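Chemist: Following this message is one structure expressed as structure tokens.
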Amino acid sequence: MTETTTQAKPRKLIPISQSISVLPTDTARIYNYIHPILILSLYYLYFPSLVADPVSTLKNSIAPLAHLQIIYCIVCLPPSKGSSTQSTPSTTPKKVVQFAKPAAKPPATLASRIIPAILSLLLSLSLSAPLLTVILILFGAPLTTHFWHNLLCATHISLLGVLPLFYVHGVDGRIWREISGACLPFDEVWGGVVGVVVGAWLGAVPIPLDWDREWQKWPITIVTGAYLGWFVFRFAGEYLLRGKRIEFD
Amino acid sequence: MSQRLSILLLTIANLLIPIAILTFATGFFPYKPFIPGRASFGDSNDGGRHASAPFDKVIFMVVDALRSDFVYSNNSGFKFTQSLIRSGAAMPFTAHATSPTITMPRVKAITTGSIPSFLDVILNFAESDTTSSLANQDTWLSQLKDKPEGKLIMYGDDTWLKLFPDTFSRADGTSSFFVSDFTEVDNNVTRHVPLELKQSDWNGMIMHYLGLDHIGHKSGPRSPHMIPKQTEMDGIVKQIYEAIEIENHLQSTLLVLCGDHGMNDAGNHGGSAEGETSPALVFLSPKLQPISKGSECPLIAPQSTFGYYNTVEQSDIAPTLAGLLGFPVPLNNLGVFIPDFLDFWSQDVRIRLMHENARQILDIVRGTFPGLPSDGVASTDCTLSQSDGETLSCLWSTADSSVKGLSQGDSVTALQALTEFAKRAQDIMSSTASNYDIGRLNIGILLAALATVASLATAFTVLLNARSTGLWTSSVTILYGVMMFASSYVEEEHHFWYWASSGWLGWLFFKQRNAEETKGLSRAWSAVPLLAILRVIRIWNQTGQKHAGEPDIAKMFLPAHNFVLWALVLATYLDVIRRLSRRAVPWASRQLSLAASFALGITSLGFKVAFTKVDAPELLEGLQFFVLGPMKEASLVAQARAAFFSIAILLILTSLPVIYQRMSYGGKAGGEI
């Protein structure tokens, strides 16, 4: 099945994506455990000030989060072949690319990992964060107020979930078509994405309760849900669900 | 599972459901011990007779939905009342109103001193029904009327006239049918006041103003109409108070100003939010000055948002009036005499008053706990008692013995013991637990559980085949059940459905994207407009408690852009007409059914516009051309009749031929209309 299919009748999408694995180096294997703990510690440290002043805390914690995620990508994850061979990945829409395989070899040069990491960061900030803001609003985020709350919340979700996705899968249309159908096989990256989405959605549950606590205000529970969901599902994706795809029927 | 077994199980489930509901309901709305007859000062009931009553007349002024802060806060129109509170001529309270906070149960609580149950909500809406009449119950109204000089008059909300038929010598009822009426409904009360203040033949005047409640329902507690209305009400208080000061026949008159319930931030009431359960209660008379030092007013920092001054129960009004006006406490009263007024009397009279109050409550306690020993063991520590009944029995014995042995003991302890018993009895008797028949509730729940199991067994195979859809259905059903244990999610139920449906739409999007591969626009993208519509629905109407009164489309946008509102209304009616014309009068020609549907649509729309013109004229501002001549001239009742008759005729013309057809074809030709 190729991109040039012209048949009008809907056909079942046959996914070609495969799970990725962390790089086969000792540093990668160790940091793969340290990183989630670092992220959750970061969140834990920021939580009191997040409750006190959500906007400035969310804004200030973007830089540490982005750094941690970039380091994680560079140290642990195999970069997308499509984007590592060409520094401007958006120019390869039609090309049938070789996707990341389990136990891919670490790329030779550091630069071949740093550049896609930076590009992933730029894409997740400029492309997916605004898109996620719109999705948040569609799912019930305040529309006329809380603009910065929404944008920053979306940025955090984007950095947590989508940045590694850009790094390992690049911007190939075919893969992103599969992502939009949520039919990637579970691994630590896809598990993180699912966790962020499910967690953010579940995070809305405590908001209507009449406990009247400060932490119930928008969007603290959403961000909390996203972080916790990411943490749980990235491990579930790495071990428990590895290789499985979400079944919709 | 075989077809036959499925049908059997479904039948059982459907039979069990009504039985379960009925069993549960009889346990939830049980018969309450009710003591018939009227209280009188008997030999054993002599406390009130010995207490000389400081007042002989009462003017009971109810302002519907008068929340505590409307009178006591800085932002209040009650300037004169506030000056009286400062001087000590008025004693302010917050009268806790129990849920349901709607007028009829509240009037029952105020007049009988009992605590009406949720069953009274149903009766409140069935107002024409006279089974809810209090005419044969013991209330402070009947006690006042039974006095030798007794004569009652009533002006205001006709709920009182329905609750107390043939009680008032002169009355003028007002109706709260048109909520947009802020002025007329109150002027109809106020116009009687000067005349009645000159008359000396009555000993009880009830006034019930509805305008403030209407303003609340219409535009909330922060409405610009609110302060002027409060000032108007304050003017009436001033008028009455000055008459009490000047007129000789009114010199021993007690004026009570109170709300029957409060309102929430959206101006509605019925629930148990603090704003709804905290109406103001002020006793006013120059005679109060000797016993009251006066209080700071306006009060800047109340105990809680609406908890101004001492909080009493609404039922406490009945025994307090009984003491202040010198008549026996109504038989079914659960209220406790408000201790602030005890200063009118000497210490031994205080004890007799409280003793009478406590003894009367004890009669109800005995009715509720029939197995109680007539004389419990007096103990210094009643907290050791096992059951509620035993606790009360113990407290009563302690109090009774301390009253009897008054010569040895000191009177302060006796008063304390009596108050403790009365308060505790009020707590226990009014707590919902004592109103339920737990056994029946359990049987009801058990039957409902059986019905659930039976229907689940039927649906099991279907759900299993549906896989993820079945999983969603089950999770939502289970979550919905769990939700009922979280009181906030009962109030904010809509948020659950918004949340679940947005998640479901998101799921459907992925599912569709996952299942198909087409070039061009995928069907999955229809989730986006659906989510957008859901998002609009979210802000269409702010309901629930937490965000009540916050801006939404229905209350902020549409009234300001009434053209959009009427365009939407028109579009809805046109759509209904279009759908109706396809189905209605199937045996006639297409043109005829279109004409008939159109006629029905226009009649209904006409009634809607005419009703809006009366009920919410602001929604038609600038759109007067919309109101056609006939709509202006015909009465509302005539237009309503026209609309309902058109519906009935069209229904008969559409369904009768179909039924006839089916019967003549032996039921074989059904299915197509």
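Chemist: Find, to one decimal place in angstroms, the Kirkwood hydrodynamic radius of the protein assembly as shown, where the mean of 1/r is taken over every pair of different Cα atoms and then inverted.
Modeler: Working: mean 1/r = 0.0297 Å⁻¹.
Kirkwood hydrodynamic radius for the protein assembly as shown: 33.7 Å.
Chemist: Please compute the alpha carbon radius of gyration of the stretch B:561-664, then divide it by the globular-protein estimate 2.2 N^0.38 Å. Two decimals is fine. Walk me through the numbers on the way to the answer.
Modeler: Working: Rg = 15.9 Å, N = 104, 2.2 N^0.38 = 12.8 Å.
Scaled against compact globular proteins, the figure is 1.24.
Chemist: Over 10 Å intervals from 0, what percent of Cα-Cα pairs in the stretch B:467-538 sits in each interval?
Modeler: 18, 40, 31, 10, 2
Chemist: Still on this structure, please answer the following. Which trypsin sites (Lys or Arg not before Pro) does the stretch B:291-382 hold that lie in a coil by DSSP with at most 16 other beta carbons within 10 Å? Walk me through the numbers on the way to the answer.
Modeler: On the way: sites: B:K293, B:R350, B:R352, B:R359, B:R366; in loops: B:K293.
Taking the stretch B:291-382 and a limit of 16 other Cβ atoms within 10 Å, the loop trypsin sites (Lys or Arg not before Pro) found are B:K293.
Chemist: With unit charges on the beta carbon (Lys/Arg positive, Asp/Glu negative), name the residue among B:G275, B:P224, B:I246 whose Cα is farthest towards the positive pole of the charge dipole of the stretch B:222-276.
Modeler: B:P224
Chemist: Within chain B, what is the longest stretch that has no GluC sites (Glu not before Pro) placed in a DSSP loop and near at most 15 other beta-carbon atoms within 10 Å? Can you show the working numbers first?
Modeler: Numbers: sites that count: B:E127, B:E149, B:E247, B:E296, B:E621, B:E672.
By the stated rule (loop sites, at most 15 other Cβ atoms within 10 Å), B:297-620.
Chemist: Taking only Cα atoms, what is the 0 to 90° angle, nearest 10, from helix B:347-368's long axis to the longest principal axis of chain B?
Modeler: Helix B:347-368 and the main axis of chain B meet at about 40 degrees.
Chemist: At 7 Å along Cα-to-Cβ for each site, give me the label-to-label distance between A:S49 and B:K147 in nm.
Modeler: Label-label distance for A:S49 and B:K147, simple model: 7.0 nm.
Chemist: For B:E184 and B:L623, what does the FRET efficiency come to when R0 = 25 Å and r is the distance between their Cβ atoms, rounded to the nearest 0.05? Before the final figure, lay out each step's value.
Modeler: Working: r = 24 Å, r/R0 = 0.95.
With R0 = 25 Å, the Cβ-Cβ based efficiency is 0.60.
Chemist: In peptide B:522-531, how many Cβ atoms from other protein chains are near each Cβ within 10 Å, on average? Don't skip to the answer; put the middle values down first.
Modeler: Numbers: counts 4, 1, 2, 1, 0, 1, 3, 1, 1, 6.
Averaged over the peptide's residues, the number is 2.
Chemist: Describe numerically, in nm with one decimal, the distance between label points set 7 Å from Cα along Cα→Cβ at B:V453 and at B:I12.
Modeler: For the pair B:V453/B:I12, the computed spacing is 0.9 nm.
Chemist: Let me ask something else about it. When Cβ neighbours within 10 Å are restricted to other protein chains, what is their mean count per residue of peptide B:459-469?
Modeler: Across B:459-469, the average partner-chain Cβ count within 10 Å equals 1.
Chemist: Let me ask you something else. Give me the net charge for the shell around B:S581: Cβ to Cβ below 13 angstrom, other residues only, Lys and Arg +1, Asp and Glu -1.
Modeler: Values: positive: B:R578, B:R579, B:R582, B:R583, B:R590; negative: B:D575.
Charge balance near B:S581 sits at +4.
Chemist: Same structure, new question: Angle, helix B:103-112 long axis vs. longest principal axis of chain B, Cα atoms, 0 to 90°, nearest 10?
Modeler: On a 0 to 90 degree scale, this one is about 20.
Since every read-out is calculated from the coordinates, none of them should be taken as a lab result. Keep in mind that this is a model prediction, so the values were computed, not measured. As a convention, Cβ positions derive from the backbone with ideal geometry for all residues, glycine included, and neighbour counts pool all protein chains shown.
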